[in-house]
1. Give me the dipole magnitude in Debye, nearest 20, for the range 191-301 about the Cα centre, with unit charges on the beta carbon: positive for Lys and Arg, negative for Asp and Glu.
2. Could you pull out every whole DSSP H run in the chain that spans at least 15 Å of Cα extent along its own axis and averages -1.0 or higher on the Kyte-Doolittle scale?
3. Select from Ala155, Pro72, Pro38 the residue farthest towards the positive end of the dipole of the range 10-257; place +1 on Cβ of Lys and Arg, -1 on Cβ of Asp and Glu, and compute about the Cα centre.
4. Run lengths n ≥ 4 of DSSP H only: what is the helix-derived mean residue ellipticity at 222 nm for the chain, with -39500 (n - 2.57) per run over all residues, to the nearest 500?
5. Mind listing P(r) for the range 1-75? All alpha-carbon pairs, 5 Å bins, whole percents.
6. Per-residue HN-Hα couplings for the range 364-379, Karplus 6.51 cos²θ - 1.76 cosθ + 1.60 at θ = phi - 60°, whole Hz, x for Gly and Pro?
7. Using Cβ-Cβ distances only, list the Cys residues of the chain with no partner cysteine under 4.7 Å, sorted by number.
8. Give the long-range amide H neighbours of Gly69: residues separated by 5 or more places, or on another chain, with amide H under 5 Å away, using H modelled in the peptide plane at 1.01 Å from N.
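All of the numbers you see were taken from the coordinates with simple rules; none came from a lab. Source: prediction; values computed, not measured. No Cβ is skipped: glycine too gets one built from the backbone with ideal geometry, and neighbour counts run over all protein chains shown.
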Amino acid sequence: MSQPLTPPPLSLYVHIPWCVRKCPYCDFNSHEGRGELPFAAYVDALLADLDHDLPLVWGRTVQTVFFGGGTPSLMPPDFIDRFLQGASSRLRFAPACEITLETNPGTAEHGRFDGYRNAGVNRLSFGIQSFDDGCLQRLGRIHDSREAETAVKLARDAGFDNFNLDLMYALPGQDLAMAAHDLERAFALQPTHISHYQLTLEPNTVFAARPPAGIPDDDLGWDMQEHCQAMLAGAGYAQYEVSAYARPDRQCAHNLNYWTYGDYLGIGAGAHGKLTLGHDGSILRRWKHKHPTRYLADAGTPAGIGGDEQVEPARRPFEFMLNALRLVDGFALALFEKRTGLPAAAIQPQLDEAVSRGWLRIDAGHVRPTALGRRFANDVIGLFLAD
């Protein structure tokens, strides 16, 4: 039996769908930009989209904003500024609101970072992927290692002291020493946060259809992961999520809200949102049409909605675990009850099974994945699928 739900913290996700060139491993909603991109019209569409969804979040405070893509740093600062001014006039932003912009080093220009900072962006996430030029070429990236380092230094000069570097390992042609060298290059730039994750061949990507030669096997990939995790810990980056490492108090607040089954309003082409509706205690998932042309035409109208879906109580345990079990420290059972409206007893058989297999441990009402459980995360989460 589900209980009344109190809306959790609210984030705002803004999708910018264009990029310079689609990477062969990318399964995000991104589209190669051709000619002059319609940024002014897109900001108008984003604000109309926001206006249409506002009744779902009246009176709530936005704790974090995240510009994802695509390549958000293709959008000039003036348009980011106009959007943030419009959004903050419609929604209350928390005084310490974390505002992150994803950026591709190949689109970094002198002066842009000053503009983003003046617009209100206070955190950057750089899609570096590797500091090895051969690896970058094989990944189809538009930047080289020199441009990556230059972009980070330009951001520092503009006053950004909170930024993430995205790095991948188990890349085509990569060995253990190369993966370690990538981290050494990253440490030299002193990021506050590092996302470090294994290359996977996602469905409907070029790499899935035509896998590149030289991808490390599972054993080498595991060796890279263990070696790099030790390096990250030694350099002062504490692992707090499957692929996220941070300096003290520099975890990504936006992603933490996802992983603790918080709410997020998703606007932009293909954006997804998840909202707890206070009037009836339901949980709504909503997504927008993916293609930029259709989105521009329909944003702010019912035709702009790609779909709505209620998250029924039977599915909430799986959704909660899909997120919360990514966290190294796990979650409190009280949080599960608060975010799902279900009693802890509803998942007790699955918890008992996971404990018996050595995948989870429970202490004083707190559930944590073990090292074994983190390695077999998909199996653990699968226990909570509704029949």
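1. Dipole magnitude for the range 191-301 comes out near 660 debye.
2. 39-53, 77-90, 145-157, 176-188, 218-234
3. So the residue we want is Pro38.
4. Mean residue ellipticity, 222 nm, calculated: -10500 deg cm²/dmol.
5. With 5 Å bins starting at 0, P(r) equals 3, 12, 19, 19, 15, 12, 9, 6, 3, 1, 0.
6. So the Karplus estimates, Gly and Pro as x, are 6, x, 10, 9, 10, x, 7, 4, 5, x, 5, 6, 10, 4, 4, 5 Hz.
7. Cys19, Cys97, Cys135, Cys228, Cys252
8. Ile16
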